[in-house]
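First comes the structure, then the notes that go with it.
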Amino acid sequence: MSDMPKLWAGRFAKPTNALLDDFQSSIPFDQRLIQCDVMGSIAHATMLGEQGIIAKQDAEQITKGLEQILSEYHAGELTIDMGAEDVHMFVEALLTERIGEAGKRLHTGRSRNDQVALDVRMYARDACEHVSELLMTLLELLIQRSKEHLETIMPGYTHLQKAQPVTLGFHMMAYAQMIMRDIKHFENARAEADVMPLGSGALAGTTYPLNRERVAELLGFAEVTDNALDGVSDRDFLLSFLSAASICMMHLSRFCEELILWSTNEFSTAVMDDGFATGSSIMPQKKNPDACELTRGKTGRVYGDLMALLTVMKGLPLAYNKDMQEDKEAFFDAYDTLLKCLPTFTEMLRTTTFQKDEMYRSAGLGFTNATDLADYLVGKGVPFRDAHHVSGSLVGKCVKENRALCDLSLDELHEAHGAFEGDIYEAISLEACVQRRKLRGGPAGEAVLDSINRAKQWMKVHSPKS
Ligand code: ARG
């Protein structure tokens, strides 16, 4: 238990029960807000001094004392009192212990309710930037790997049944689109967090002539909140972070699922680097794709964080309720999970090799060129529905005889339709199937290259610091 006095003890006739002390304390998980808390308090004290609400000398003493606390923290020299109620109480009590009277003036015109809202918003802004940077690195890798594999033909699937040939470069750029959307989601979450709530007080603003815009300016906020009740009750910016995190994890998880499949003996199209796989304690031959499996697994936990906070918030009457203290563990857990998953996933993907020959062989099976055979007939004037039927019947014949469409002789093709000519074989080659799909967004090398160039342009505008 802490020997620090409770800063709100005045109204109480006896100390809090040890069970409640332990139950309600958030310092084990909110101590990581200390930098935001100190910076926020320095800005608040500076403004109080400028406004003449407290003496300039007091503001200066507060600032010095807080800077000292922060530098000790960064140097690993600050002992955090785990018995403190939360990081805000800890910092204020420590400051007052060190500088005396002036420290007691810091909380003028402020409540812990707007203080915690401020701290979490500041932390969330940084978190969004940090995640966006990691996503940018992944995006760069996807572009690079896509360029390497513009000509690597592989089967594309629907219903996990072979559908049409595509390229690995095209597949990589599909994920690049998702990652660009993720970055936008985190940019939006950052913009939502970027609103300064101090001045909301406990719920009803304050009587002191604070300069809220000045505090916002000192802390680099784009705006100030416009309603004190909402200012202390709003955690939407965290929900936006958590939903961005959930969608991002869902994207990683889908790719992980594919890489797990591709590394199976059945697919044999991807080989994970030995540095990113693990073995079995009993089966000597095993090479398990743990990085992918854990990323897929941790997706569930991030969804859980989102659900936890949505559920915490759903029944809360305005304004602050202690339930809201539960926001932090969900937020930090999702953030920490992303900080682990993104670099691991990126490096795992960077070092994975793809079996081009096996991909090509696999793309040639399962009649992935049946649509192109129908399209060929359309080119010869046959209505698409009829062409589809002819192609389907040829596939049926091949299934029975265990052959591929390109194994059929021109006579056999003629039997199905008179419009077939010798150029059919070239028309249904895997290369032609891919290269003819050169519409914007298609798998042809030139179309994927265009999309790579657009992504590169996009990156210039969306770099986290711009
Ligand atoms: N530790 C609290 C939290 O995280 C700080 C706000 C406490 N406010 C209060 N009125 N008890 O939410």
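The values are calculated or read from the model by the stated rules, or taken from the named source; none is laboratory data. Everything quoted here is computed from the prediction, not taken from an experiment. Here the Cβ is made from the backbone with ideal geometry for all residues, glycine too, and neighbour counts use every protein chain on show.
Descriptive notes on the structure:
- In the set (1) among the hydrophobic types (A, V, I, L, M, F, W, C); (2) crowded, with 20+ Cβ neighbours inside 10 Å; (3) within 16 Å of the ligand (Cβ to nearest atom), the condition left unmet by C256 is number (3).
- Matching residues in segment 165-202 - criterion: being surrounded by fewer than 24 Cβ atoms within 10 Å (Cβ to Cβ) and on the phi > 0 side of the Ramachandran plot: G201
- Segment 311-355, subset away from the ligand (no atom under 13 Å from the Cβ) and over 27 Å from R145 (Cα atoms), residue surrounded by the most Cβ atoms within 10 Å (Cβ to Cβ): A334
- Search result, residues across segment 313-332 that are under 27 Å from the mean Cα position of the chain (by Cα) and under 16 Å from S26 (Cα atoms): D323, M324, Q325, E326, D327, K328, E329, A330, F331, F332
- M359 meets all of the listed conditions (1) buried (at least 19 other Cβ atoms within 10 Å of the Cβ); (2) among the hydrophobic types (A, V, I, L, M, F, W, C); (3) out of contact with any strand residue (DSSP E or B) (no Cβ under 6 Å at 6 or more places or on another chain) but one, namely (3).
- Residue pairs meeting the criteria (Cβ under 7 Å; at least 6 apart or on separate chains; first within 15 Å of D236 (Cβ to Cβ), in segment 297-320; second exposed (fewer than 14 other Cβ atoms within 10 Å of the Cβ)): V312/D323; L316/D323
- For segment 99-119, the set of residues classified as more than 16 Å from the ligand (Cβ to nearest atom) and part of a helix (DSSP H, G or I) consists of I99, E101, A102, G103, K104, listed by residue number.
- On the stretch given as segment 440-466, residues that are at pLDDT 95 or above, within 19 Å of the chain's Cα centre (by Cα) and more than 16 Å from H149 (Cβ to Cβ) total 2.
- Hey, K340 among the charged types (D, E, K, R), in a helix (DSSP H, G or I), closer than 21 Å to E133 by Cα and modelled with pLDDT of 95 or more or not: yes
- Matching residues in segment 25-66 - criterion: being away from the ligand (no atom under 16 Å from the Cβ), within 12 Å of V91 (Cα to Cα) and crowded, with 21+ Cβ neighbours inside 10 Å: I42, I62, G65, L66
- For segment 205-246, a tally of residues being under 17 Å from C128 (Cα atoms) and surrounded by fewer than 16 Cβ atoms within 10 Å (Cβ to Cβ) returns 3.
- Among the conditions (1) more than 40 Å from the chain's Cα centre (by Cα); (2) within 30 Å of N17 (Cβ to Cβ); (3) touching a residue at least 60 places away in the same chain (Cβ under 8 Å), the only one that K104 does not satisfy is (3).
- One residue from I80, I143, I69, I153 being more than 25 Å from Y320 (Cα to Cα) and within 16 Å of the ligand (Cβ to nearest atom): I80
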